Amino acid sequence: MIKANTLFKIRWQIFLFFLAMLILANNKVQAQGLSEGTPLGVRAQAMGGAYRSAALGSDVLYYNPAGLLIDNRYELDFDYFYLAKNKQNLLGASLVDSTTSTLAAGIDYHLTITKTNEKTEFFHQWLIALAYPLVQDALLTGLSFKYKSNNKFNLDFGTLFILPFGISLAAVGYDLLPSQTDFFLVGFGASFSGRKLFTKENIFDSLTIAVDYMLQPKILDFGFEYIIAKTLPLRAGLGMDFKKDEKTISFGTGLASPTLGLDLLYQKNLNLADADVYAVALKLIF
C-alpha cells in the first residue's frame with residue numbers, strides 16, 4: 001500500500017510535469033489567443049453552459065474555480081471539440097487535485113486549430129486554478145489565472161454557496177483585470193442536485209437541474225442531467241444569447257463510473273446553419 005506522504009509527492013510530481021508540458025507547448029505554438037465564443041467543457045456544454053453552481057470535475061476550471069472543492073478527486077481529462085461553423089478543431093487536457101490538501105488545484109490547456117484556404121492558425125490558452133473553503137461545505141472560493149498566447153493575462157474569481165436541500169448558488173467574476181472594455185463579466189448560477197441529499201437511494205440521487213445568467217453580455221442558460229443506474233448520464237441544455245439573438249440546444253450522454261468517465265456532446269445553433277458542435281471527453285479518476 002502506498003503511504004500518504006508518498007502519494008502526495010507522486011501527485012504533485014505529475015502536476016508539475018503537466019505544468020512543464022504546458023509551458024513547452026506555449027513556447028512552440030504560434031498563436032493569437034483562444035477564439036471568442038469557443039465552448040469549453042463537454043459536460044458543461046451538454047448542460048447548455050449552466051454550470052457555475054452545478055460544477056463538478058475539470059469542467060469547473062473555466063466556469064467557477066470554487067467548484068474544485070465540490071468533490072474529492074484526482075482527475076486527468078482529455079477532450080476534443082469540432083466546431084463546424086469555422087471548421088475548428090479544439091484539443092484540451094486538464095488535471096485537477098482536490099484530495100491532497102485543503103487547497104484544491106487545477107491546470108488546463110486548450111489548443112484551437114483553424115484551417116483556412118490560405119493558412120492554418122493556432123490559438124491556445126492555459127489556466128491554473130486554486131480553490132479554498134472559507135466555510136467547510138458551505139462557502140467555497142476559487143481563483144483562476146488565465147494566459148493567452150498573445151500575452152493576455154487575466155483573472156477569474158468564483159464563489160459557491162452550498163445550501164440545504166441540495167441547493168447551490170454561485171457568483172463568478174471573469175476577466176477582472178483592466179482591459180479595453182469598461183466592464184468585466186459577471187455570471188450567476190443556481191442549481192439543485194440530489195447527490196448526497198438523502199440517506200437512502202431514491203430517484204433524486206442522480207438528478208441535477210441548473211440555471212445560469214450572465215450580466216454582460218446577456219446570456220441565459222438552462223441545464224439538466226440524470227444518470228441512469230449511476231452509469232448512463234443523460235444531459236440536455238438550452239442557451240439564449242440576447243445580444244446575438246441566438247439560441248442553442250445541447251444534448252449529451254456518455255459513461256460514468258468511479259474511475260472512468262466518457263462524455264459526448266452534440267450542440268446545435270437554432271439561428272445559424274452549419275454551426276453544429278461535436279465533442280468527446282475522456283476522464284480518468286484516481
- Message: Whether any residue in the range 235-254 is exposed (fewer than 14 other Cβ atoms within 10 Å of the Cβ) and in a strand (DSSP E or B) is what I want to check.
- Response: no
- Message: under 18 Å from Gln45 (Cα atoms) and either modelled with pLDDT under 95 or in contact with a helix residue (DSSP H, G or I) (Cβ under 6 Å, 6 or more places away or on another chain) (or both): which single residue out of Asp263, Asp245, Asp182 fits that description?
- Response: Asp263
- Item | Filter result (without any contact (Cβ under 8 Å) to a residue 40 or more places away in the chain, among the hydrophobic types (A, V, I, L, M, F, W, C) and assigned to a loop (DSSP other than H, G, I, E, B)) within the range 67-111 | Leu103
- Item | Tally, over the range 210-234, of residues that are surrounded by 13 or more Cβ atoms within 10 Å (Cβ to Cβ) and either assigned to a strand (DSSP E or B) or in contact with a helix residue (DSSP H, G or I) (Cβ under 7 Å, 6 or more places away or on another chain) (or both) | 17
- Run down Phe145, Phe188, Phe122 and say which single residue is within 26 Å of Tyr82 (Cα to Cα), surrounded by fewer than 19 Cβ atoms within 10 Å (Cβ to Cβ), in contact (Cβ under 8 Å) with a residue 40 or more places away in the chain and among the hydrophobic types (A, V, I, L, M, F, W, C). Phe122
- Query: Among the residues of the range 57-84, how many are surrounded by fewer than 19 Cβ atoms within 10 Å (Cβ to Cβ) and either of a type in the set (Gly, Ala, Ser) or in contact with a Gly (Cβ under 9 Å, 6 or more places away or on another chain) (or both)?
  - Reply: 5
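The values are calculated or read from the model by the stated rules, or taken from the named source; none is laboratory data. For clarity, every value in this text was computed on a predicted model and none was experimentally measured. Neighbour counts run over all protein chains shown; Cβ positions are idealised from the backbone, glycine included.
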